[in-house]
1. Is it true that Glu48 is of a type outside the set (Val, Ile, Thr), open to solvent by 100 Å² or more (accessible area, probe 1.4 Å) and in contact with a Lys or Arg (Cβ under 9 Å, 6 or more places away or on another chain)?
2. For Ile9, state whether it is open to solvent by 50 Å² or more (accessible area, probe 1.4 Å), β-branched (Val, Ile, Thr) and in a helix (DSSP H, G or I).
3. Looking at (1) open to solvent by 60 Å² or more (accessible area, probe 1.4 Å); (2) on the phi < 0 side of the Ramachandran plot; (3) of a type outside the set (S, T, N, Q), which is the one condition that is false for Ile58?
4. Kindly evaluate Lys74 against the criterion of being under 14 Å from Ala10 (Cβ atoms), basic (Lys, Arg) and surrounded by 11 or more Cβ atoms within 10 Å (Cβ to Cβ).
Amino acid sequence: MKRRSRTDIAVDILRVAMNGAKKTHIVYEVNLNFNIAQKYLEMLKEKELIRHENGVFITTDKGKVFQEMAKELKL
């Protein structure tokens, strides 16, 4: 099994949160444990790539741009 990069994990989280997702949904869809997911969600919030509203995580416009750039750079 190939290890994923931090960028790959961040892009996966942003993809799942595109239309809004609770932490549990993100954990299962991205295949992370809760502790690791929490660290990534905090980092993405600090960088304003994701926002947390009413218990739901939503990808911001800045997050969508980051996601697109990461996809383009992926070979």
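The values are calculated or read from the model by the stated rules, or taken from the named source; none is laboratory data. Given the structure is predicted, the values throughout are model-derived calculations rather than measurements. In this analysis, Cβ positions are derived from the backbone assuming ideal geometry, glycine residues included, and neighbour counts consider all displayed protein chains. Accessible surface areas use protein heavy atoms only, side chains included; no ligands, DNA or RNA. Shrake-Rupley method; radii C 1.70, N 1.55, O 1.52, S 1.80 Å.
1. Working: of a type outside the set (Val, Ile, Thr): yes; open to solvent by 100 Å² or more (accessible area, probe 1.4 Å): yes; in contact with a Lys or Arg (Cβ under 9 Å, 6 or more places away or on another chain): yes.
Against the criterion (of a type outside the set (Val, Ile, Thr), open to solvent by 100 Å² or more (accessible area, probe 1.4 Å) and in contact with a Lys or Arg (Cβ under 9 Å, 6 or more places away or on another chain)), Glu48 qualifies.
2. Numbers: open to solvent by 50 Å² or more (accessible area, probe 1.4 Å): no; β-branched (Val, Ile, Thr): yes; in a helix (DSSP H, G or I): yes.
No; evaluated as a whole, the condition is false for this residue.
3. (1)
4. Details: under 14 Å from Ala10 (Cβ atoms): yes; basic (Lys, Arg): yes; surrounded by 11 or more Cβ atoms within 10 Å (Cβ to Cβ): no.
Here the answer is no, as Lys74 does not meet what is asked.
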